[in-house]
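The values are calculated or read from the model by the stated rules, or taken from the named source; none is laboratory data. Predicted, not measured: the structure shown is a model, and the values here were computed from it. In this analysis, Cβ positions are derived from the backbone assuming ideal geometry, glycine residues included, and neighbour counts consider all displayed protein chains.
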Amino acid sequence: MNTEKLNYLINIAPSLILAKNNEDFKNKPSPNKWSKQEVLGHLIDSATNNHQRFIRSQFEETPIIPYNQNEWNNRCFYNKFPNTQLVTFWKSYNEQILSLLRLIPEDNLIKKCNTGGNENFTVKFLFDDYVNHLEYHLKQIIRIE
């Protein structure tokens with residue numbers, strides 16, 4: 001699993017994000033595009049929805065947990081928050097997810113969840129996909145080595 005990659009991202013991203021110019025961070029490239037701060041908010045929403053998937057998949061029979069990313073982002077008003085608050089929340093939530101995934105028993109990692117499509121995915125797949133998705137979007141915000 002991508003636990004080491006997540007740990008790396010948790011440790012390097014906050015200071016790089018906070019070094020960004022606050023106005024640039026909140027600037028929307030166009031009315032229908034997310035600002036970098038809203039992209040960070042999207043990563044918080046992703047953490048929230050995937051956290052639910054990681055947990056519920058362990059005790060429910062293939063739960064269906066869809067996620068409407070645009071509606072979540074619109075209703076969370078991320079550009080109205082101080083960036084320091086969002087970075088702290090993002091980091092803390094991901095530290096929690098990382099600790100959780102290290103504790104999930106191996107046999108529960110193969111339990112499945114439906115994310116709203118035609119396919120069911122294992123907890124392990126969802127976690128690895130979550131980390132890859134996180135890295136993809138962080139690269140839209142900051143430079144990652």
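Structure above, values below:
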item	result
Sole residue being out of contact with any Phe, Trp or Tyr (no Cβ under 7 Å at 6 or more places or on another chain) and within 16 Å of Asn2 (Cα to Cα), chosen from Lys91, Lys124	Lys124
Failed condition for Lys36, given (1) within 27 Å of Arg102 (Cβ to Cβ); (2) surrounded by 12 or more Cβ atoms within 10 Å (Cβ to Cβ)	(1)
For Pro29: the one exception among (1) in contact (Cβ under 8 Å) with a residue 60 or more places away in the chain; (2) closer than 16 Å to Ile141 by Cα; (3) outside any helix (DSSP H, G or I)	(1)
Where Leu109 falls short, out of the listed (1) in contact with a Ser or Thr (Cβ under 7 Å, 6 or more places away or on another chain); (2) among the aliphatic types (A, V, I, L, M); (3) within 18 Å of Leu138 (Cβ to Cβ)	(3)
Members of the range 56-115 that are assigned to a helix (DSSP H, G or I), among the acidic types (Asp, Glu) and loosely packed, with under 11 Cβ neighbours inside 10 Å	Glu71, Glu106, Asp107
Close pairs (9 angstrom Cβ cut-off, 6 or more residues apart or separate chains): at pLDDT below 95 in the range 1-19, surrounded by 15 or more Cβ atoms within 10 Å (Cβ to Cβ) and among the hydroxyl-bearing types (Ser, Thr, Tyr) anywhere	Asn2/Tyr130
Residues that are of a type in the set (D, E, K, R) and free of Cβ contacts under 8 Å to residues at least 24 places away in the same chain, drawn from the range 71-108	Glu71, Arg75, Lys80, Glu106, Asp107
